[in-house]
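Reading through the structure tokens given below for one structure.
The values are calculated or read from the model by the stated rules, or taken from the named source; none is laboratory data. Source: prediction; values computed, not measured. Here the Cβ positions follow ideal geometry from the backbone for every residue, glycine too, while neighbour counts run over all protein chains shown.
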There are 2 protein chains.
Amino acid sequence: MQELEERIQAEGTVKAGDVLKVDAFLNHQCDVRLFDHMGAAWAEHFAGKTITKILTIEASGIGIACCAARHFNDVPVVFAKKAQSINLDGDQYTTTVYSFTKQKEFPVIVSKKYLNPGDHVLLIDDFLANGKALRGLIELCEKAGATVEGIGIAVEKGFQGGGDRLREDGYDVDSLAIVESMDPETGKIEFRH
Amino acid sequence: MQELEERIQAEGTVKAGDVLKVDAFLNHQCDVRLFDHMGAAWAEHFAGKTITKILTIEASGIGIACCAARHFNDVPVVFAKKAQSINLDGDQYTTTVYSFTKQKEFPVIVSKKYLNPGDHVLLIDDFLANGKALRGLIELCEKAGATVEGIGIAVEKGFQGGGDRLREDGYDVDSLAIVESMDPETGKIEFRH
């Protein structure tokens with residue numbers, strides 16, 4: 001998606017440790033007009049599929065998912081919660097996700113009420129790097145018996161391989177910008193096309 | 001706002017300890033059509049004011065704020081982050097907020113890049129009870145020299161008094177549903193009109 005790539009080039013900054021900061025428009029300050037265009041792009045890509053629900057994970061995915069939902073007939077958006085601890089009362093699907101940014105595992109939960117066997121789910125998130133968070137969302141869908149119809153990502157760090165592994169596993173991953181390489185010294189960012 | 005009150009009556013549940021669960025449509029599963037109507041209601045209420053930015057706090061406020069922004073000329077949405085610890089490198093405005101739900105204080109941060117003296121800010125959040133989170137957001141705006149133009153809230157628990165204290169302090173608080181009383185025994189919810 002040219003608009004997103006241009007914004008990353010203009011406003012993104014590359015930091016050491018494979019960090020790409022795009023908090024000017026994506027995950028701290030949010031450009032909702034861009035989010036709307038991103039939703040339109042995913043709607044075009046996934047046009048042949050029946051989507052009954054969007055599932056994302058707090059916090060950065062929520063705004064993007066809510067803006068995107070307008071392009072999918074206003075389907076409900078469910079956001080998985082990063083919990084302090086797993087509640088064992090049985091009314092939640094739970095998994096754990098390893099965060100490389102935070103260097104620790106954290107529990108992720110979704111209420112059983114909001115993810116069901118009849119759901120055809122589009123997963124949405126702001127970033128895809130190693131794919132750990134998405135694997136967690138996929139596991140929650142599997143536990144619920146829901147069908148993952150596709151995965152919409154804003155920025156994929158292609159060189160970290162998580163997206164390609166999901167594609168190899170048969171998932172339809174639509175990343176609107178795939179960073180092939182980035183250099184913290186020069187700030188140069190190259191995209192896959 | 002009649003639509004929101006009806007949803008609370010139909011799908012909200014009252015729990016012990018002054019807890020009102022509305023996660024079916026507001027803060028776990030999100031009804032973006034409702035969020036759009038909420039944004040329209042705030043746009044009507046704050047029509048006379050110049051709003052250049054919406055500030056909310058992760059996680060539940062984000063989706064509501066992003067849907068509402070469409071009714072405020074797509075102004076940027078900034079969400080304050082709940083941090084693990086306060087970063088002292090000086091590029092963030094920081095405060096602490098006491099959470100009654102979690103019974104502890106947590107740091108809240110916003111990058112200095114995204115809150116400025118020229119900003120005329122609408123604060124948005126899903127809930128207003130004691131007002132601690134909003135006081136934190138107001139403090140961040142004060143530190144940045146930004147002007148708080150108003151506060152848009154989905155559900156105010158009027159009996160906890162935080163909203164009225166903000167109004168006494170001169171803030172224009174527009175809560176779309178104000179719960180005057182609720183009873184965990186009977187499930188009965190009464191609204192202020």
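Please go through region B:25-50 and pick out each residue that is among the hydrophobic types (A, V, I, L, M, F, W, C) and in a helix (DSSP H, G or I). Scanning region B:25-50 gives B:Val32, B:Leu34, B:Phe35, B:Met38, B:Ala40, B:Ala41, B:Trp42, B:Ala43. Counted as qualifying within region B:74-129 are the strands (runs of 3 or more DSSP E) with 1 or more residues that are at pLDDT below 95, namely B:77-82, B:92-99, B:104-111. Contact annotation: residue pairs with Cβ atoms under 7 Å, 6 or more positions apart or on different chains, pairing a residue in region A:41-65 that is free of Cβ contacts under 8 Å to residues at least 60 places away in the same chain with a partner that is acidic (Asp, Glu), are A:Glu58/B:Glu58; A:Ala59/B:Glu58. Hey, any hits in region A:106-121 for a residue that's among the hydrophobic types (A, V, I, L, M, F, W, C), crowded, with 22+ Cβ neighbours inside 10 Å, closer than 23 Å to A:Phe35 by Cα and touching a strand residue (DSSP E or B) at 6+ places or on another chain (Cβ under 7 Å)? Yes, there is a match, as at least one residue in region A:106-121 is among the hydrophobic types (A, V, I, L, M, F, W, C), crowded, with 22+ Cβ neighbours inside 10 Å, closer than 23 Å to A:Phe35 by Cα and touching a strand residue (DSSP E or B) at 6+ places or on another chain (Cβ under 7 Å). Counting just the residues of region A:14-70 that are more than 10 Å from chain B (Cβ to nearest Cβ) and aromatic (Phe, Trp, Tyr), which one comes out surrounded by the fewest Cβ atoms within 10 Å (Cβ to Cβ)? In this case the residue turns out to be A:Phe46.
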